[in-house]
Structure formats: structure tokens, C-alpha cells
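Accompanying notes for the structure given below.
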Amino acid sequence: MSLKEYTKKRKLGITREPPGIKKSSGKKLHFVVQKHSASHLHYDFRLEMEGVLKSWALPKGPSTNPAEKRLAVNVEDHPYDYKDFEGAIPKGEYGGGEVIIWDKGTYHSVETKNTEESEKLLFDGLKKGHISFILDGKKLKGEFALVQMKKRGKNTWLLLKKNDEFASSEDILKNAKSVVSGKTIEDLKNGTPKKSKNIV
Ligand code: MN
């Protein structure tokens, strides 16, 4: 999917999220998990690849427990700068509701730490329906995989935690605060300073 779909859905100028511009981050590949209180509360898992954010909606959020496979619905690519968006999308707009940056950090392929090679391996893997990667976030760390459930339609994937030193049966979602502002979705709903943190 390209950014076209994203741009189509956004009425630019009305909402405060970044417009769809391709950008590269430089040295390391970034990821972000945004907690999004839209019509249904979900988490958006986004991986930087080829200048955009490949995106999956996680209805139940991520888990650090290898026994819990989490549904990940592939959605349209988002612009790279969207990783810094936290705030409220006006009601009635696409994705209307509050967004916090639940986690963020860098990541690379399990096979290499080299950014260029990682990007190539991940991009190829994406087309094949299976990628394995190491997250270095504030909350999520260690090896994860995204696996396409081809029989259930091309957008249906699972996010899995691999067994490593960062695997845990504790519910990571209990830590509900933004890693950027320390705010929760509820803080945003209650109208504490309505600043959205984004790059224009
Ligand atoms: Mn969302």
C-alpha cells in the first residue's frame, strides 16, 4: 500500500496530523506503538520501512508473552512523521479520537543490525508474509515476528513475541502511559492541556 490511501483519507488542513510525505530517518529504523481511542480502542503498530510506516492495528495490543498471539490487521502505510503524533484527532474525521505514543524506539531484522540490509530483508519478508525483528523500545524489547495468516485474507497477520530474556507473562498494557508525555488516553480525554505533539 502506498501513502495515496492515507492522503485520501486525511482532509489536510483540518486535522493536525502530518501530511503524507516520504522521509528517511537516517541511521536506525524506527518503530512506534500508538494507543488509539477511536470507535474501538486499539493499538497501532508501525514499522519504518522505505521512508514510510508500515502499519498494523492490534485490537488487543501487543503482548510480551510468547503464548499470546495477537491479531494484527494490516492497514494503510502512514507517513514517517506520523510516529511523533500524539493528541486528539477531531471527532468525525478519519480515526477520530485520542492518540498517545504508547511505545517507541528502534528496530532491526533478526538477521542483521545493518540498517540497509535490515530494510531489504524486512521488505522482502513483508511480501512473503513473515518478518522477524528485534525491538528496542522503552516497553517492548527483544525478538518479535509478524506472520501473515494467508488463509484469513491478506490483511490478517499475527504479532508474536519470541522466547528470549525479554519475554514475560506480565501484562505490559498495564503500563498505560505515553512514553513521551507520561499522559494516558484518559488524561487526553479529560482535557488536560490540549497540546498535540507533532512535527509539521
Ligand atoms: Mn488507529
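The values are calculated or read from the model by the stated rules, or taken from the named source; none is laboratory data. Note that the structure is a prediction, hence the values are computed from the model and not measured. Note: ideal-geometry Cβ built from the backbone for every residue, glycine included; neighbour counts use all protein chains shown.
Quick look at the numbers
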read-out	value
Selection status of residue 44, of a type in the set (D, E, K, R) and touching a Pro at 6+ places or on another chain (Cβ under 6 Å)	no
Those residues of segment 91-104 which are among the hydrophobic types (A, V, I, L, M, F, W, C) and either more than 14 Å from the chain's Cα centre (by Cα) or away from the ligand (no atom under 12 Å from the Cβ) (or both), in sequence order	101
Residue within segment 38-52 that is modelled with pLDDT of 95 or more, under 26 Å from residue 177 (Cβ atoms) and more than 11 Å from the ligand (Cβ to nearest atom) present	yes
2 or more residues under 18 Å from residue 42 (Cβ atoms): qualifying strands (runs of 3 or more DSSP E) within segment 126-182	141-148, 156-161
Hey, residue 88 assigned to a loop (DSSP other than H, G, I, E, B), among the small types (Gly, Ala, Ser) and more than 10 Å from the ligand (Cβ to nearest atom) or not	no
From the options 135, 122, residue that is more than 26 Å from residue 37 (Cα to Cα) and of a type in the set (A, V, I, L, M)	122
Residue count, segment 63-85 (criterion: within 18 Å of residue 155 (Cβ to Cβ), crowded, with 18+ Cβ neighbours inside 10 Å and more than 14 Å from the ligand (Cβ to nearest atom))	1
Matching residues, segment 43-59, being of a type outside the set (Ser, Thr, Tyr) and closer than 20 Å to residue 138 by Cβ	44, 45, 46, 47, 48, 53, 56, 58
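Conditions (1) under 30 Å from residue 187 (Cβ atoms); (2) surrounded by fewer than 19 Cβ atoms within 10 Å (Cβ to Cβ); (3) among the aliphatic types (A, V, I, L, M), marked per residue:
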site	(1), (2), (3)
98	yes, no, no
106	yes, yes, no
127	no, yes, no
132	no, yes, no
135	yes, no, yes
140	yes, no, yes
145	no, yes, yes
152	no, yes, no
157	no, no, no
